[in-house]
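Accompanying notes for the structure given below.
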Amino acid sequence: MDGGPSTAYVNITSLNSHVSVKNSTFYNGYVSFAVSSPTYCGYDTIINSIIWGGDSLQLETYNDTLTVLYSDIQGGWPGVGNIDVDPLFVYPDTGNFQIGWANWPTIDSTKSPCIDTGDPNSPLDPDSTRADMGALFFNQRPVDIKDIQINPVQYSLLENYPNPFNSSTTIRYTIPTASPVTLDIYDILGRKVQTLLDISQPAGEYRVIWNANKVGSGVYFYRLTTDSNSISRPMILLK
């Protein structure tokens with residue numbers, strides 16, 4: 001950037017144009033908005049975003065008029081709906097920038113302040129709640145098991161999401177024909193921790209939420225067993 005700072009982790013430079021950043025997460029380094037020539041003045045916006053985790057300086061401008069709305073900015077920034085509160089990422093040092101809510105749906109201190117605090121005029125999140133701040137919304141769908149109505153051609157056990165996770169995670173699997181289905185959780189020593197499912201199901205793709213509030217951090221395995229298959233995957237619980 002001509003004449004601008006040179007140490008920002010993210011430099012956004014425009015020339016007589018409008019840059020709009022929405023539903024984004026910047027972590028461990030500040031962001032700089034700049035117009036490359038003082039002849040022009042930029043009019044840029046940040047909406048529903050999180051800038052967190054670096055030094056005290058998180059956001060700066062150069063020859064630019066920046067509007068920030070409904071965003072979580074470390075160190076604060078003027079604008080409607082902005083906050084300056086730890087976003088409670090699940091485990092950012094591993095690249096997991098999912099905002100957390102360990103005791104969902106109980107409203108307490110484990111709920112990220114970025115949940116349901118985005119721009120009320122933005123489209124709703126996929127779970128039909130008010131937009132969250134950041135790149136990854138927190139799923140507040142009330143159901144634990146959901147048939148997604150597809151016709152799978154094979155047995156599969158998909159990676160849980162999020163992973164690593166804090167207290168709850170979603171496990172998905174598919175079965176191509178009607179079958180008895182058991183879904184168990186094991187610890188790293190092979191001891192069964194919990195049976196999440198033990199029923200007969202028709203062909204389809206399914207989703208189950210494991211709430212791990214009663215167990216400690218560590219590596220666990222989830223195993224899908226049907227009448228003809230057994231598949232296991234690891235997952236990491238971090239509290």
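Tell me, please, whether a residue that is charged (D, E, K, R), touching a residue at least 12 places away in the same chain (Cβ under 8 Å) and not assigned by TED's automatic domain parsing to the domain that holds GLY79 can be found in the stretch 120-137. Among the residues of the stretch 120-137, not one is charged (D, E, K, R), touching a residue at least 12 places away in the same chain (Cβ under 8 Å) and not assigned by TED's automatic domain parsing to the domain that holds GLY79, which makes the answer no. The number of residues in the stretch 183-209 being closer than 14 Å to LEU158 by Cα and free of Cβ contacts under 8 Å to residues at least 60 places away in the same chain comes to 3.
Of everything in the stretch 89-109 that is part of a loop (DSSP other than H, G, I, E, B) and touching a residue at least 24 places away in the same chain (Cβ under 8 Å), the residue that is surrounded by the fewest Cβ atoms within 10 Å (Cβ to Cβ) is PRO105.
Looking at (1) free of Cβ contacts under 8 Å to residues at least 40 places away in the same chain; (2) in a strand (DSSP E or B); (3) under 26 Å from the mean Cα position of the chain (by Cα), can you tell me which one TYR173 breaks? (1) is the only condition that TYR173 fails. Every listed requirement among (1) under 24 Å from SER217 (Cα atoms); (2) in a loop (DSSP other than H, G, I, E, B) is met by TRP77 save one, (1).
Screening LEU69 against (1) among the aliphatic types (A, V, I, L, M); (2) within 14 Å of the chain's Cα centre (by Cα); (3) surrounded by 19 or more Cβ atoms within 10 Å (Cβ to Cβ) leaves a single unmet condition, (2). Residues in the stretch 88-137 that are touching a strand residue (DSSP E or B) at 6+ places or on another chain (Cβ under 6 Å) and among the acidic types (Asp, Glu): ASP119 alone.
Within the stretch 171-209, restricting attention to residues that are in contact with a Pro (Cβ under 8 Å, 6 or more places away or on another chain) and among the hydroxyl-bearing types (Ser, Thr, Tyr), the residue that is surrounded by the fewest Cβ atoms within 10 Å (Cβ to Cβ) is SER200.
The residue of the stretch 176-219 that is nearest to PHE138 (Cα to Cα), among those that are under 21 Å from the mean Cα position of the chain (by Cα) and of a type in the set (Phe, Trp, Tyr), is TRP210. Among the residues of the stretch 46-85, the ones that are β-branched (Val, Ile, Thr), modelled with pLDDT of 85 or more and farther than 20 Å from PRO123 by Cβ come to 4 in all.
Taking the stretch 229-239 as the range and being more than 19 Å from GLY100 (Cβ to Cβ) and either part of a strand (DSSP E or B) or free of Cβ contacts under 8 Å to residues at least 60 places away in the same chain (or both) as the test, the residues that pass are SER230, ILE231, SER232, ARG233, PRO234. Out of the stretch 31-45, which residues are at pLDDT below 85 and surrounded by fewer than 21 Cβ atoms within 10 Å (Cβ to Cβ)? Within the stretch 31-45, SER36, SER37, PRO38, THR39, TYR40, CYS41, TYR43, ASP44 qualify.
The values are calculated or read from the model by the stated rules, or taken from the named source; none is laboratory data. All of these numbers come straight from a predicted model, not from anything done at the bench. Every residue, glycine among them, receives a Cβ derived from its backbone with ideal geometry; neighbour counts consider all protein chains shown.
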